[in-house]
Amino acid sequence: MVSDLPVAGRRLLVSSLAAVASLVPLTAAPAVAAGAMPPPVRPEDRAPRQSADHLTVVVRHAGTERDGTFDVSCHPGAGHHPDVAGACRTLDSHTRWGRDPFAPVPSGSNCTMLYGGPATAHVTGTWAGRPVDATYNRGDGCEIGRWDRMVPLLPKLGSPV
């Protein structure tokens, strides 16, 4: 038989047939028959994922009703905190691109010499995809203001006398 296809057409036909023929072994046997099984599900894959925005707040010397360790997860809100929704709203309102809502008072700041009491707080975890390790106190006016900006994540305390 004499082919009516030009040489370029025959080359294209032959290479196409060769490509199809090379795929046949891949589809000839199902994966199960070939012994390929998906890997088993790991326990960490089964457990519900924890929110990426999760913080642990440890409050000391703020008063018996306010002291303790509190967990807060946002997006969705959950945890053992007296006001999860309020804490998440406060955190969201202070979160801005390029700014750390947990940043310490800048060194060299002029702060009033007010003492707000012995209360301290330590906040750790992850917020907005970044690790958090922040400490709070009420040792002067700047620190009191920094604490008060985080209420209700941190407990509301009376103003200094």
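Scanning segment 86-107 for any residue that is touching a strand residue (DSSP E or B) at 6+ places or on another chain (Cβ under 6 Å) and open to solvent by 50 Å² or more (accessible area, probe 1.4 Å) turns up nothing.
Quick check, is Gly158 out of contact with any Cys (no Cβ under 6 Å at 6 or more places or on another chain) and at positive phi? For Gly158, the condition - out of contact with any Cys (no Cβ under 6 Å at 6 or more places or on another chain) and at positive phi - is not met. Being in a loop (DSSP other than H, G, I, E, B) and either open to solvent by less than 30 Å² (accessible area, probe 1.4 Å) or more than 17 Å from Asp148 (Cβ to Cβ) (or both) is the filter here, so list the residues in segment 68-85 that pass it. His75, Pro76, Gly77, Gly79, His80, His81, listed by residue number. Whenever a residue of segment 100-128 is in contact (Cβ under 8 Å) with a residue 12 or more places away in the chain, its partners that are of a type in the set (Phe, Trp, Tyr) and part of a loop (DSSP other than H, G, I, E, B), lying with C-beta atoms within less than 9 angstrom and at least six residues away or across chains, give the pairs Val123/Phe102; Trp127/Phe102. Does any residue of segment 96-113 turn out to be more than 18 Å from the chain's Cα centre (by Cα), modelled with pLDDT of 95 or more and in a strand (DSSP E or B)? No, segment 96-113 has no match at all.
When the residues of segment 117-137 are narrowed to those that are in contact with a strand residue (DSSP E or B) (Cβ under 8 Å, 6 or more places away or on another chain) and open to solvent by less than 20 Å² (accessible area, probe 1.4 Å), which ends up farthest from Leu55 (Cα to Cα)? Residue satisfying both the conditions and the ranking: Ala119. Close contacts from segment 86-99, counting a first residue that is more than 16 Å from Gly129 (Cα to Cα) and a second that is in a helix (DSSP H, G or I) and at pLDDT below 95, with Cβ to Cβ under 9 Å and a gap of 6+ residues or different chains, come to none at all. Scanning segment 49-66 for residues that are modelled with pLDDT of 95 or more and open to solvent by less than 60 Å² (accessible area, probe 1.4 Å) yields His54, Leu55, Thr56, Val57, Val58, Val59, Ala62. Please specify each residue of segment 136-153 satisfying the condition of being touching a helix residue (DSSP H, G or I) at 6+ places or on another chain (Cβ under 8 Å) and closer than 12 Å to His94 by Cβ. If the condition is that a residue be touching a helix residue (DSSP H, G or I) at 6+ places or on another chain (Cβ under 8 Å) and closer than 12 Å to His94 by Cβ, then Arg149, Met150, Val151, Leu153 are the ones that fit.
The values are calculated or read from the model by the stated rules, or taken from the named source; none is laboratory data. All figures in this text were calculated on a predicted structure; none of them were measured in a lab. Cβ atoms come from the backbone with ideal geometry, glycine included; neighbour counts cover every protein chain shown. Just the protein is used for accessible areas: all its heavy atoms, side chains included, with ligands, DNA and RNA removed. Shrake-Rupley method; radii C 1.70, N 1.55, O 1.52, S 1.80 Å.
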